[in-house]
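All of the numbers you see were taken from the coordinates with simple rules; none came from a lab. On a predicted model such as this, the values are computed, not experimentally measured, just so you know. For neighbour counting, all protein chains shown are included, and Cβ atoms are generated from backbone atoms with ideal geometry for every residue, glycine included.
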Amino acid sequence: MKVLFRIRGDIDRYPGGDEVQLRRTREALETMGVQTVLLPGTAEMPEGFDIVHLFNTTRIHETAVQLEQARKRGVPVVVSPIWHSTSEMRKFYGRLRGWPWFPLTAYQSAKEAWYARRSGLPISWSSVLGFRAMQRHVVRMADAVLPNSEAELHLLQAELGVRPRSTFVVPNGFAFAGRPAPGSFAREDVLCVGRIEPRKNQLGVIRAFKRLPRGLHRLRLFGVMNEGHSKYAEQVRAELVPGWVEYAGVVSQTELAVEMARSAVVVLASFFETCGLVILEALACGAQGCVTQSPCSRDYYGPRVEYCDPYDEASIADGIAAALKRPPEDHTEYLRQFSWNRAAEETLRAYEQVLARSTARQPEAAPVLIDAY
């Protein structure tokens, strides 16, 4: 089997979670004997592939062009949507911009044009003016959609009003190179890991942490300062207190694993996420987790972590305090389902079923006309 992986064209300059999911899935599939080629952006699709696998339904114009190229060649397409809840996003941007009824679709459409300009590509007015319709088209026309959880699938269907032809839930994986086994030393630090930006809500975490008794624990922030949110970075720095609330910068995955293995709690109080894989990493290292309550996080973590409302500092503080009191737990069996090997196995199963059905494919609706870059 030969698979063509396609994703937005600027992953080298602006890597993200979609790129990590693609790369890790691809690596695991290759160990299983699947031949893969990566072709980012909208360059013309070459011949000779059995399946085209698309990633990301947010940068929808590039994804839609990639879909149409595959359909013209008669090659089956699967899509990993990486869907963020539109209701959670609307609530966040409404708070950030001060608009009670934030026009999320118009905002995402404008960002589509901004992304194109940032990457030096022509602006596609069809993607700007028909952003949501293009998302529906991609989900409807794909031979299979591969969400990371049942909750993500339900959100996708409800918020787009589209039922995919076929779906396969493929849980994300996680991996720490050289991850240490949890030690018997005292676990005192509380960690917050992620890009320093408004969506990740480090300010809320800091202010919530300061509600707890001082002196028992230390909060440490790990992650790159997002250059697009310099004012927010200044606000975070203004809240730091040496020895109590500290910014630890950017470290390697191996170093981060060591820090987690020495920490008591990892808190992720983002305003919206898909599932928050950093909490899986924390549990694997023996730390407790405190995460934003959402359908996707509940789906992934169940009763194994504490939950919080990211809009309520008292709720975040209570979540951290409750996590600090939780007894040690063995999550080994639970974590086995979140390996990249398992993700690749489920992905391969989807490929095989899509290929088996491809000869009996039903007639398709007329394609949406899309401007090519």
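Using 0.36 nm per residue, how much length does the chain from VAL37 to ARG136 gain when fully extended, once their Cα-Cα distance is taken away?
Difference between extended and current length: 33.0 nm.
Please check: in the Gaussian network model of the chain (C-alpha springs, under 10 Å), which one of LEU268, LEU96, LEU67 has the largest mean-square fluctuation.
Checking each option, the largest mean-square fluctuation is seen for LEU96.
Determine, for ILE51, ILE82, the number of other Cβ atoms within 10 Å of each Cβ, and report the residues in order from fewest to most.
Lowest count first: ILE82, ILE51.
Just rank MET134, MET141, MET32, fewest to most, by other beta-carbon atoms within 10 angstrom.
MET32, MET141, MET134
Relative contact order (percent) for the range 189-334, with alpha-carbon contacts under 8 angstrom and 6 or more residues of separation?
The normalised contact order for the range 189-334 reaches 26 percent.
Give me the tail of P(r) for the range 194-239 as a percent: Cα-Cα pairs with distance above 17 Å.
That fraction is 30 percent.
Of the listed peptides 156-164, 339-347, 211-219, 275-283, what is their order by residue-averaged count of other C-beta atoms within 10 Å, with the highest listed first?
275-283, 339-347, 156-164, 211-219
For the chain, what are Rg and Dmax over the alpha carbons, in angstrom?
21.3, 67
Taking the Cα atoms of the range 307-358, report the difference between the largest and smallest coordinate on each principal axis, in whole Å and largest first.
The Cα atoms of the range 307-358 stretch 53, 29, 12 Å along their principal axes.
Rounded to the nearest 20 debye, what is the charge dipole size of the chain about its Cα centre when +1 sits on each Lys and Arg Cβ and -1 on each Asp and Glu Cβ?
580
Angle check, please: helix 104-118 long axis (alpha carbons) against the longest principal axis of the chain (alpha carbons), in degrees 0 to 90, nearest 10.
So the inclination is approximately 80 degrees.
Which aspartates and glutamates, on any chain, are close to LYS72 with Cα under 20 Å apart, when same-chain ones fewer than 8 places away are left out?
In chain and number order, the partners are GLU44, GLU47, ASP50, GLU62, ASP143, GLU364, ASP371.
Tell me what the chain gives for mean residue ellipticity at 222 nm when only DSSP H runs of n ≥ 4 count, each as -39,500 (n - 2.57), the sum divided by the residue total, rounded to 500 deg cm²/dmol.
-13000 deg cm²/dmol
Cα axis of helix 17-31 to longest principal axis of the chain: angle in degrees, 0 to 90, nearest 10?
Computed tilt is about 70 degrees.
Grab the beta carbon distance between VAL250 and MET1, set R0 = 41 Å, and tell me the FRET efficiency rounded to 0.05.
Once rounded, the FRET efficiency stands at 0.65.
Taking other Cβ within 10 Å of each residue's Cβ, how do TRP101, TRP114 sort, fewest first?
Arranged by neighbour count, lowest to highest, TRP101, TRP114 become TRP101, TRP114.
Highest GNM mean-square fluctuation, the chain, Cα pairs closer than 10 Å: which of PRO242, PRO15, PRO103?
With Cα springs under 10 Å in the chain, the top fluctuation among PRO242, PRO15, PRO103 is at PRO242.
Which residues in the range 194-222 place their backbone N less than 15 Å from a point set 7 Å from the Cα of ALA314 along the Cα-to-Cβ direction?
208-209, 211-212
For the range 189-334, how big is the tail of P(r) above 24 Å, as a whole percent of Cα pairs?
23
Give the residue from THR167, ALA257, GLY286 lying farthest towards the positive end of the charge dipole for the chain; charges sit on Cβ (+1 for Lys and Arg, -1 for Asp and Glu) and the dipole is referred to the Cα centre.
Result: THR167, furthest along the dipole toward the positive end.
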